[in-house]
Amino acid sequence: MIPIKLLTRPINQFVIFTLFFVLLFAGCVENNEEATNTDIDGVIEVTAMHDHVENLHLFELSSKEIPSGWTTFQFNNASPVDHFFLIYRVPDEGIEAAHAAGEPLLDHWFQGVTEPFQLEFNPFVKGDIDYGEFTDNLVGAILERAPWFFDPGAAAMGGPGFTAAWATSKTTVHLPPGEYVVECYVKDENEVFHSYIGMLEQLTVTGEDSEIEKPVPTSRMTISSTNGIQLNEELHAGNNIIEIIFEDQVSYAHLLGHNVQLAKLADKNDEELLSELAAWMDWRHPGSLVDRAPGEAEFLGGTMEMTEGATAYFHIDLEPGDYVWIAEIPDPADHDMLKTFTVGN
Ligand SMILES: [Cu+2]
């Protein structure tokens, strides 16, 4: 049984928390990426990798301790499947609970949130229990081990969005001092979330101020549950910095809030692929969110979920062609969160 209170208000955080965690990976600059970013103040390199021997999906971070303020995450996907980098702020209650249990914070999060999610998801994705039973079981398990996850809740702070295998993306977010957990919940072929098999890391933001100025945007986007995704002007070929403002945040049927993803398409009028892509992004279905986006859709980043009022800056070098903005929610077109466009020469 889930207390009603927890099903109303915390659903946001629940949602937020809802899924899995990530790891930040530091460091390794792959030879197919530009290596200059480590020289820029306020840029953290995150490399996504796959350990084929152990079947682990991993993040490597250029630093796991950073000053507070504006930070740009350069996400290098050096692996054969799609990933993202979702940042959660751990509430003080979570830090205290880990301390009281004598457990490292990341272990406490894994055992309290990540592991219950995977274990409760297993019978659901096999078809043994229905969605209602799954969510009841999930909430019960997390309340038992990590009640702080719902109340006061872990806050979604954005981070680089879905980034295709071997691709890179770049997103700037503002992080106040605190402890953070980062994760990717793309699934492998066995319906195992990457957060459960390595992509869960801790990031510490110190009290020191980075004194980095926020990026100067070239265009402005808003996203909200009522007006969907709105961009104030057409994008052009070349470098763009898109300011993405979360006017609100709500919990959808898949327990998560909205986010903003960009994908390149072979043909923006391919309606079949667009609905396949939208269905693929709903983690609840067997086969969805597994390995790679369907067809020729290639994810180029964006920003993961953020709390109401938060802003991210998405840096993207666009070449001419067809694209789609899409939020990772059920039936995004119904919410005006699936929008195709063309970039001209
Ligand atoms: Cu992943």
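The values are calculated or read from the model by the stated rules, or taken from the named source; none is laboratory data. The structure presented is a predicted model; accordingly, all values stated were derived computationally and were not measured. Cβ coordinates were reconstructed from backbone atoms using ideal geometry, including for glycine residues, and neighbour counts include every protein chain displayed.
Here is a list: 182, 205. Which entry is within 16 Å of the ligand (Cβ to nearest atom) and not assigned by TED's automatic domain parsing to the domain that holds residue 243?
182
For residue 195, indicate whether it is within 16 Å of the ligand (Cβ to nearest atom), touching a helix residue (DSSP H, G or I) at 6+ places or on another chain (Cβ under 7 Å) and not in a loop (DSSP other than H, G, I, E, B).
The answer is yes for residue 195.
Could you tell me which of the residues 32, 12, 37 is in contact with an Asp or Glu (Cβ under 8 Å, 6 or more places away or on another chain), at pLDDT below 95, polar (S, T, N, Q) and away from the ligand (no atom under 16 Å from the Cβ)?
37
Residue 231 versus (1) more than 16 Å from the ligand (Cβ to nearest atom); (2) under 18 Å from the mean Cα position of the chain (by Cα); (3) assigned by TED's automatic domain parsing to the domain that holds residue 307: which is the lone unmet condition?
Of the numbered conditions (1) more than 16 Å from the ligand (Cβ to nearest atom); (2) under 18 Å from the mean Cα position of the chain (by Cα); (3) assigned by TED's automatic domain parsing to the domain that holds residue 307, the odd one out for residue 231 is (2).
Restricting to region 310-328, count the residues that are part of a loop (DSSP other than H, G, I, E, B) and farther than 21 Å from residue 182 by Cβ.
The total comes to 2.
From the list 76, 137, which residue is crowded, with 17+ Cβ neighbours inside 10 Å and without any contact (Cβ under 8 Å) to a residue 40 or more places away in the chain?
The conditions single out 137.
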